[in-house]
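What follows is one structure encoded as structure tokens, with my remarks underneath.
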Amino acid sequence: MDSKRVQRIERQIQKDLSEIFLSQTRQMHGVMITVTKVRISPDLSVAKAYLSLFPSDRGAELLENIHRNGKAIRYELGMRIGQQIRKIPELTFFLDDSIDYLENIDKLLQN
């Protein structure tokens, strides 16, 4: 069961990561990164961020780039939420392909 504090921190991390990715993707035209959800461990040491990437055919390439820049993203996150929590969680990023799955189902139902 998640506590209110954990849920509040998850929402804050999701909001801040979205802003970080928005500022980074402004330089790359035609690329959009959406943070669909964030799950954090009860001890606030590990955060799992689920990302929806557009265009989806470049998803693996973009996710690899995000993994390579994970420390810089964590540092930027720390600059934003450092006053609210004592320890900045380790970030792990996962591809959220639920939108692609829904589009595939919709396409199959239309046929």
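Got a sec? Which of R39, R11, R68, R26 is free of Cβ contacts under 8 Å to residues at least 40 places away in the same chain and in contact with an Asp or Glu (Cβ under 7 Å, 6 or more places away or on another chain)?
Selected residue: R39, the only one of R39, R11, R68, R26 that is free of Cβ contacts under 8 Å to residues at least 40 places away in the same chain and in contact with an Asp or Glu (Cβ under 7 Å, 6 or more places away or on another chain).
From the list L91, L77, L62, which one is not acidic (D, E) and not in a helix (DSSP H, G or I)?
Exactly one of L91, L77, L62 is not acidic (D, E) and not in a helix (DSSP H, G or I), namely L91.
Kindly indicate whether E61 is modelled with pLDDT of 90 or more and either touching a strand residue (DSSP E or B) at 6+ places or on another chain (Cβ under 6 Å) or farther than 14 Å from K48 by Cβ (or both).
Here the answer is no, as E61 does not meet what is asked.
Checking I105 against (1) part of a helix (DSSP H, G or I); (2) β-branched (V, I, T); (3) in contact with a helix residue (DSSP H, G or I) (Cβ under 9 Å, 6 or more places away or on another chain): exactly one of these is not met. Which one?
(3)
Say whether the condition of being part of a loop (DSSP other than H, G, I, E, B) and of a type outside the set (S, T, Y) is met by at least one residue in the range 10-21.
There is no residue in the range 10-21 that is part of a loop (DSSP other than H, G, I, E, B) and of a type outside the set (S, T, Y).
Which numbered condition trips up I85, out of (1) surrounded by fewer than 16 Cβ atoms within 10 Å (Cβ to Cβ); (2) among the β-branched types (V, I, T); (3) part of a strand (DSSP E or B)?
Of the numbered conditions (1) surrounded by fewer than 16 Cβ atoms within 10 Å (Cβ to Cβ); (2) among the β-branched types (V, I, T); (3) part of a strand (DSSP E or B), the odd one out for I85 is (3).
Can you name the number of the only condition in (1) in contact with a strand residue (DSSP E or B) (Cβ under 8 Å, 6 or more places away or on another chain); (2) at pLDDT below 90 that R26 fails?
Among (1) in contact with a strand residue (DSSP E or B) (Cβ under 8 Å, 6 or more places away or on another chain); (2) at pLDDT below 90, the lone unmet condition for R26 is (1).
The values are calculated or read from the model by the stated rules, or taken from the named source; none is laboratory data. Fair warning: this is a prediction, and the values are worked out from it, not measured in the lab. Reconstructed Cβ throughout: ideal geometry from the backbone, glycine too, with neighbour counts over all protein chains shown.
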